[in-house]
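Worksheet: one structure, shown below.
Quick note: the coordinates plus some simple rules give every number you see, no bench work behind them. Everything quoted here is computed from the prediction, not taken from an experiment. Methodologically, a virtual Cβ is constructed for each residue, glycine included, from the backbone with ideal geometry; neighbour enumeration extends over all protein chains shown.
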Amino acid sequence: MSSGTRRIALAGALNIRDLGGLPTTTNGVTRFGRLIRSGGLQELTPADVEHLTRTLGVREVIDLRSTAEVRREAPGPLARVPGVTIHNLSLLAESPPGSAQGPDRVDTERAMPWNRAGADGRPKPAGSTGHYLRYCDERPDSVLAALRVIAHSTGATVVHCAMGKDRTGVVCALALDAIGVSREAVVADYVRSGEQMAEIVERLRDNPLYAADISSRPFASLLPRPAYLQDLLATFDDRFGGVRAWLAAHGWTQDDQRALAGRLLD
C-alpha cells in the first residue's frame, strides 16, 4: 500500500483505502491501520478476508447501507469471521419495526441513496450538499454510533456502503474534520473515490439491486466533486458552528472526542 494513494488492493472490493497519513491543521497526521473506507464488501475473496483481518487487523465493520440493501444481499464474508463485529448503521430514515411499512417492507428503490425521494417520500434537498445533509438530519444516531465504534475499536475499522463514496464519504469526512484534519485533505480524499468510479459502476451494473438505477444515470453525475463536500462542511460551519458543535448537540461528549482523536491521531 502506497502512502501516497493509501489504496488497498483487493480482488473483491473497490474504492478501499486507509485514511492514515492525512495532515491536520496543527501539524499532526492521522494514523495508518485505524480507519479504512470502502465500497461494498459482499464479494471479498478468502485472500481478501485474510488480508483485512490478519494483515490489517480489521475488527469492526460499519455498514451504512439501508435495511433493504442489507436484506436483499447475503451476509458478506466478514460476517462469518470470529472476532469481527458488523455494525449495521443505516443513514436513511426507515419505518420502525411493527409498522405497516417496517424494515422488511422498505421500498428498495426509494431506499437507494441516489434516489431523488427519501424513505418518507418527500423530495430531497436540491444538490448533493442537501443530499448529504439529509443523512445527518435523518440519522444523527447512526452518525454518532459510527464515530463511537471508530473511537473505541481495538483494531482497524472499515466503513462502507455500496459505492464507498456518498454515505461512507460523509461519515469519514465528519470523523476526520472532528479531529482537525485539514479541509483540503478531507476533500481530496473524498474526490479520490472518482479514481475507480468506472470500475465501481461496472460492478454495480451486474448487481440486480442497483443495475437499473445506475444505468439510468449519466456517468458524470456519479463522480464526486470537490464542491459537494466543501459545501457540506461549510454548511456545518454556518448552521451549527462546525462539525464538533453539531456532534455535541446530538450527544457527542468530551470523552468521545478524546477517544476519537486518541485513536486516529499520531
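Pairs of Cα atoms in the range 1-93 fall into 10 Å distance bins, from 0 up to the last occupied one, in shares of 15, 46, 30, 9, 1 percent. Per residue of the chain, the DSSP helices (runs of n ≥ 4 H) give a summed -39500 (n - 2.57) that works out to -11500 deg cm²/dmol at 222 nm.
Applying 1/(1 + (r/R0)^6) with R0 = 25 Å to the Cβ-Cβ distance of S182 and A249, what FRET efficiency is obtained, to the nearest 0.05?
Details: r = 24 Å, r/R0 = 0.95.
Calculated transfer efficiency: 0.60.
Just to verify a number: FRET efficiency for T45 and E195, C-beta to C-beta distance, R0 = 35 Å, to 0.05? If you can, show how the numbers build up before the last one.
Working: r = 22 Å, r/R0 = 0.62.
FRET efficiency, T45 to E195: 0.95.
The spacing between the range 1-73 and the range 222-262, judged by their C-alpha centroids, is 21 Å.
With contacts taken as Cα pairs under 8 Å and at least 6 residues apart, the chain reaches a relative contact order of 23 percent.
Computing FRET efficiency as 1/(1 + (r/R0)^6) for D266 and R205, where r is the C-beta to C-beta distance and R0 is 45 Å, gives about 0.65.
Using the 10 angstrom Cβ neighbour count as an exposure proxy, how do L264, L22 rank, fewest first?
Values: L264 26, L22 23.
With the fewest neighbours first, L264, L22 line up as L22, L264.
Label separation (H87 vs A74): 2.8 nm, computed from points 7 Å beyond Cα along the C-beta direction. Listing T157, T253 from fewest to most neighbouring C-beta atoms within 10 Å gives T253, T157.
What's the exposure ranking of D255, D141, D213, D63, going from fewest to most Cβ atoms within 10 Å? Could the numbers behind the result be given before it?
Values: D255 9, D141 12, D213 15, D63 24.
Ordered from fewest to most neighbouring Cβ atoms within 10 Å, D255, D141, D213, D63 come out as D255, D141, D213, D63.
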